[in-house]
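Report on the following structure.
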Amino acid sequence: MKALILFCNKPILLHQVEALVKAGVDHVVLAVSYMSELLEREMRVQEQRLGIRISLSHEKEPLGTAGPLALARDLLNDNSEPFFVLNSDVICDFPFKDLLQFHRNHGKEGTIVVTRVEEPSKYGVVVYEADSGRIHRFVEKPQVFVSNKINAGMYIFNPSMLKIFPVMAGEGQLYAMELQGFWMDIGQPKDFLTGMCMYLQSVRQHAPERLRTGPGFLGNVLVDPTAQIGENCTIGPNVTIGAGVVVEDGVRIKRCTVLKGSRVRSHSWLESCIVGWSSSVGQWVRMENVTLYLNGANVLPHKSINESVPEPRIIM
Amino acid sequence: MLKSVILIGGPQKGTRFRPLSFEVPKPLFPVAGVPMLQHHIEACAKVPNMKEILLIGFYQPNEELNRFLLNAQQEFKISIRYLQEYAALGTGGGIYHFRDQIVSGSPEAFFVLNADVCSAFPLTEMLSFQKEHGEPNSFVILGTTANRKQSMNYGCIVENEESNEVLHYVEKPSTFVSDIINCGIYLFNPDIFQHIGAVFQKNQQDMLLEEPTNGWHRAEAIRLEQDIFTALAGQGKLYVYKTLSFWSQIKSAGSAIYASRLYLNQYHTTHPERLASNKEGGPKITGNVYIHPTANIDPTAVLGPNVSIGTGVTIGAGVRVRESIILHGANLQDHCCVLNSIVGWDSTIGKWARVEGTPSDPNPNDPYAKIDSETLFREGKLTPSITILGCNVTIPSEVIILNSIVLPHKDLNRGFKNQIIL
């Protein structure tokens, strides 16, 4: 279940929902492509915990980005307050209060958060007036340089819009707010780890006490309190260790996420890997750039792995 | 009385053993913890009535060889002498040149052994066989069975199955001749010199008839295999004794690891004291492992199977070594992993580094398969093989060195795969 994937020891969805709640949101609608009992159960728990309402809207056929909005139209007609829309794979410092303020200030129909990237041609680019933020047009994956600001996947709209974006832009109703700080679309596995590094850096700046320090820990390392780390390990920089993970003696881990319940046995060396739930990595294993989930796999001792293992598998 | 002659070659021979042969003459390279030659000498010294062992080769006098000879004489209480050829005279030319030394004292027979073979050396069996077969002064070649495809890389022997006489001999044929191959271990008597002498005379005459040729083709250079055996086959003088015991050539560095495995296995019967065992405060041993007493090994290290650890080696915490030879003075730091590799003298492997090669072992499902002597490159790519670190190589922490050869005195700063690093 993609939305429940733990990013730095918390489901991505929860990073987003918690930030929304802080900005005053009390009703969240999740547009999902398939209903999952796991998700429903988890959302009941969060409703209780955060004191808000969470609705699930099921999109029976893939309808693209506009689809979920149309389906959710009924739920949104309740009040005339503006509503946030988020792309679920996005991680950043979630400036929802600033976004609400900015939106109210210009008073128009919609605001899109944009962010600056180095390679805009991989994304949808937004062309807008620098001082006011008024959007002129969108260009999808431009071949020549048009702008280095891309759609960051976060929006706020007045309920009266519910039309598609480009039409609104033409009428001067759409504004862009530039995001400050880091941003990552972690839908791509290779960007997941980059996003994790950025997030950990942000944690160091805002809440350094959450990071683990001391002998054997280098740089930014996040360790769940229920994880166990053996002797003579060197962990970090840029490592996240999930709940109940066991790291045995003499292990070296760099730039990795080790998800819940996994075990990394002694003297192994891991760099740029995502080790999926309940996986076991044998002794003296070397794993590099395993960017898909090593999911429930068993890696037998003395192996060297450079490729991804998406399905549970024993690697001989 | 009996004698043995061991052909040890010289620096221009055995070059497939580089870079390891840059530091130490190939015949002295340690296999299963002791110099290659020592296995031959031990086997010869065990034969009743063996009075002298002669080493013939064209290495210049050097310290290692002298020291080895001195120690071997003291240990085995037998006369061991090195006879240096003035030039590479071939497998036959050397013994012919020194024939007077060989026949002095009137030995009834003498063995000739190639230094670069790994064998159980069934010498007393060859002696018994010689007495039971053929004429009183027949010669015996030790043979073994190879698979059809690989047999053509060796000397092929066609035998009369009842009498075991050698009917036909071809060295490295281009088409299949026989699956019985020459092990490079022979039992001769002084009559052999008549036959070699005849070839020598013929070569001399041929040389006179031809123009002065390029230097390497001397008249005195005689090859036992091509020049003598081929001619002797079918004459009722040459016999083959087939053995089922282990045998392998040691041509490339990779084959040294395979040979180590064969000898380490033999230690269970011949030298059980050379095999390491699990002890309180010692590393975990699995399979056959040789550890020199001066090596310093952390108790959390795991060694074996088929590992030889040389003098003064240091192995840190949590190190894993398997199917490898670690030479004198090497330093393996914490948590590193060494698989299918030879780590050269005084080299250092950094923490969490991985030094890994690809074994070139013969197919274990084929009892007659022999180790392949692959060329270094195949179809434009380096053939995956044992990783070799020459002497004084430094591997930094956390990198991987895979299927590569690193020449001596090199400090690496990153990992490498499938490379020769000069």
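Can you compute the FRET efficiency between B:Phe22 and B:Val47 using 1/(1 + (r/R0)^6), with r the Cβ-Cβ distance and R0 = 41 Å? Round to the nearest 0.05. Given R0 = 41 Å and the Cβ-Cβ separation, E is 0.75. Quick check: from the Cα gyration tensor, does the stretch B:144-198 come out rounded (a/c under 1.5), prolate or oblate? Cα axes put the stretch B:144-198 in the prolate bin. Within the listed set B:Lys242, B:Lys46, B:Lys251, the residue fluctuating most in the Gaussian network model of chain B (springs between alpha-carbon atoms under 10 angstrom) is B:Lys46. What Kirkwood radius, in Å to one decimal, follows from the Cα pairs of the stretch B:1-128? Hydrodynamic radius (Kirkwood, Cα pairs) of the stretch B:1-128 is 14.9 Å. Taking a sphere under 14 Å around the Cβ of A:Gly242 and counting the other residues whose Cβ falls inside, with K and R at +1 and D and E at -1, yields a net charge of +3. The relative contact order of chain B comes to 12 percent, based on Cα pairs under 8 Å that sit 6 or more residues apart. Placing a pseudo-label 7 Å from each Cα along the Cα-to-Cβ vector at A:Ile52 and A:Val246 gives an inter-label distance of 3.8 nm. Each residue of the stretch A:102-109 was assigned a 3J(HN,Hα) from its phi angle through the Karplus curve 6.51 cos²θ - 1.76 cosθ + 1.60 (θ = phi - 60°); the sequence is 4, 5, 5, 4, 7, x, 8, 6 Hz, with glycine and proline shown as x.
Using the Cβ-Cβ distance between A:Glu37 and A:Gln188 with R0 set to 25 Å, the FRET efficiency works out to roughly 0.35. About its Cα centre, the dipole of the protein assembly as shown is roughly 1100 debye, where the only charges are +1 on Lys and Arg Cβ and -1 on Asp and Glu Cβ.
Placing a pseudo-label 7 Å from each Cα along the Cα-to-Cβ vector at B:Tyr86 and B:Phe377 gives an inter-label distance of 4.0 nm. Can you check what the net charge comes to around B:Pro359, using other residues whose Cβ is under 13 Å from the Cβ of B:Pro359 (Lys, Arg +1; Asp, Glu -1)? Residues close to B:Pro359 contribute a combined charge of -3. Counted residue by residue at 0.36 nm each, then reduced by the alpha carbon distance between them, the extension gain from B:Gln74 to B:Glu108 reaches 9.7 nm. Centre-to-centre, using Cα atoms only, the stretch B:385-404 and the stretch A:1-36 are separated by 48 Å.
In the stretch A:79-187, the inverse of the mean reciprocal separation of distinct Cα atoms equals 14.0 Å; this is its Kirkwood hydrodynamic radius. Stretching B:Ile420 away from B:Lys202 to a fully extended chain increases their span by 74.0 nm, per 0.36 nm per residue minus the current alpha-carbon distance.
Near B:Phe111: Cβ cut-off under 14 Å, other residues only, Lys/Arg at +1 and Asp/Glu at -1. The net charge is -1.
Per residue, how big is the convex hull of the stretch B:64-152 when only Cα atoms are used? Give it in Å³.
173 Å³
By the rule of a C-alpha distance below 25 Å, with chain neighbours fewer than 8 residues away ignored, the lysines paired with B:Lys370 are B:Lys13, B:Lys26, B:Lys149, B:Lys172, B:Lys242, B:Lys251, B:Lys381. Only alpha carbons enter this Debye calculation for the stretch A:189-305, each as an equal point scatterer, and the log10 of I(q)/I(0) it gives at q = 0.13, 0.18, 0.20, 0.23 Å⁻¹ is -0.42, -0.82, -1.02, -1.36. With contributions of -39500 (n - 2.57) from each DSSP H run of at least four residues, the per-residue ellipticity at 222 nm computed over the protein assembly as shown stands at -6500 deg cm²/dmol.
For q = 0.06, 0.08, 0.10 Å⁻¹, what log10 I(q)/I(0) does the protein assembly as shown give under the Debye formula with an equal point scatterer on each alpha carbon and no solvent? Result of the Debye calculation: -0.55, -0.76, -0.98.
Computed with the Debye formula from one identical point scatterer per Cα of chain B, without solvent, the log10 of I(q)/I(0) at q = 0.06 Å⁻¹ comes to -0.26.
Computed from the coordinates by the stated procedures, all read-outs in this text should not be read as laboratory data. Since we're looking at a predicted model, the values are computed, not measured. Neighbour counts are summed over all protein chains in view; Cβ atoms, including those assigned to glycine, are modelled from backbone coordinates with ideal geometry.
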